[in-house]
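The values are calculated or read from the model by the stated rules, or taken from the named source; none is laboratory data. Small disclaimer: the values here were computed from a predicted structure and weren't measured. Here Cβ is always computed from backbone atoms with ideal geometry, including for glycine, and neighbour counts include all displayed protein chains.
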Amino acid sequence: STVGSAVNDVCVALKATIAELAANSNMDATSNFVDVLKKNNLPMIEKTIQSFQNNPDAKNYSMYSFSIHFVQVKVHQLTGVVKVSKIVSVGDSGKIVSPKTARSQMVGGAVGGIGMALTEEAVLDNRYGRYVNNNFADYHVPVHADVPEIDVIFIDKPDPIVNPMGAKGMGEIALIGFAGAVANAVFNATGKRIRSLPITPDKVLQA
């Protein structure tokens, strides 16, 4: 979103320069970019934007991105193992410029959320200040077998205030709130409220 705003501003400046060159060269409306360059003996046109102007009305508005996650879990009654069986993530970050990239961001956040909620834990040896599970054999990140069907939905409504593109950043909204959704789903399934992460089988059985 930040880089896109800069690209948008420099493109506007380029279009203005091209239009000015075309007008000064008495070129008609059918002329294209290549024609303008040839007419003015230019190999290229380069523009630099030092800074872009913020919308003066921006301070009057709250322009955050939002997300919500719906999670279905299965909890084994005997072992306490929790498995996420379905995920629906909804994102509201203005206009979605690249749907494929945006979906990948949301899917990646959901996978990371599974790890945060159920498996990932940094174990510290307080005597020496060292992590004892500093490898992927002992620090358990989600694998394909842990990841269920993930549905991603975008509101895709441009924000006319935030920038000319109407797009907002969506980085961490893919992850924020996901672990809480898993914890709530576990509570709904078992009646047990677990307030520390990760939600491991021993915590489920002891709750």
Which of the residues belonging to region 173-207 are more than 30 Å from Met63 (Cα to Cα) and not in a helix (DSSP H, G or I)?
Gly191, Lys192, Arg193, Ile194, Arg195, Ser196, Leu197, Pro198, Ile199, Thr200, Ala207
Any residue in region 40-57 that is farther than 30 Å from Val141 by Cα, assigned to a helix (DSSP H, G or I) and not assigned by TED's automatic domain parsing to the domain that holds Pro158?
no
Verdict on Gly112 being closer than 25 Å to Lys203 by Cβ, within 17 Å of the chain's Cα centre (by Cα), at pLDDT 95 or above and in the same structural domain as Arg193 (by TED's automatic domain parsing)
yes
Sole miss for Ser25 among (1) more than 30 Å from Leu197 (Cα to Cα); (2) hydroxyl-bearing (Ser, Thr, Tyr); (3) touching a residue at least 60 places away in the same chain (Cβ under 8 Å) is condition (3)
From the list Ser93, Ser85, Ser104, Ser98, which residue is among the hydroxyl-bearing types (Ser, Thr, Tyr), surrounded by 15 or more Cβ atoms within 10 Å (Cβ to Cβ) and within 34 Å of the chain's Cα centre (by Cα)?
Ser93
